[in-house]
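The values are calculated or read from the model by the stated rules, or taken from the named source; none is laboratory data. All values derive from a computational prediction rather than experimental measurement. Note: ideal-geometry Cβ built from the backbone for every residue, glycine included; neighbour counts use all protein chains shown. Each accessible area value is taken on the protein alone, full model and side chains, heavy atoms only, with ligands, DNA and RNA left out. Shrake-Rupley method; radii C 1.70, N 1.55, O 1.52, S 1.80 Å.
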Amino acid sequence: MDRNFCVVGKAFGPVIQFMFVWAFLLIVFPIANAIVSLIFANYMLVPLFSDCEPPESAVTLVAAVVIGE
């Protein structure tokens, strides 16, 4: 990841590099974390609800607990 920041800085200058880093910190990393935790929570709950789909509230709650740890 650090390598991408250096390439952006060399190609576009320090202002764009600064904006790129902040965009990753505020948008990309949290969204990626949320997606991974929701997928993990869904896979964790599927065995408990074998005859139907897990409730959305249960998936959200497990994902929030996973992110909180």
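The listed peptides 46-57, 27-38, ordered by packing as a protection proxy, come out as 27-38, 46-57 (highest mean of other Cβ atoms within 10 Å first). Probing with 1.4 Å while keeping every protein chain in the model, the per residue accessible area of the chain equals 80 Å².
Given the choices [x] 54; [y] 62; [z] 49, percent of Cα pairs over 15 Å apart derived from the coordinates of this structure is entry [y]. Subtracting the Cα-Cα distance of residue 56 and residue 7 from 0.36 nm times their residue separation leaves 13.6 nm of extension gain. What FRET efficiency do you get for residue 64 and residue 15 if R0 is 30 Å and r is their Cβ-Cβ distance, rounded to the nearest 0.05? Efficiency, from the Cβ-Cβ distance: 0.25. In plain terms, the chain from residue 29 to residue 43 could stretch by 2.9 nm, reckoned as 0.36 nm per residue minus the Cα-Cα distance. Phi angles of the stretch 9-17 translate, via the Karplus equation with coefficients 6.51, -1.76, 1.60 and θ = phi - 60°, into HN-Hα couplings of x, 6, 7, 10, x, x, 5, 5, 4 Hz per residue; Gly and Pro are given as x. Backbone geometry of the stretch 47-64 corresponds, through the Karplus equation with coefficients 6.51, -1.76 and 1.60 at θ = phi - 60°, to 3J(HN,Hα) couplings of x, 6, 10, 5, 8, 8, 6, x, x, 4, 5, 5, 5, 5, 5, 5, 5, 5 Hz, x marking Gly and Pro.
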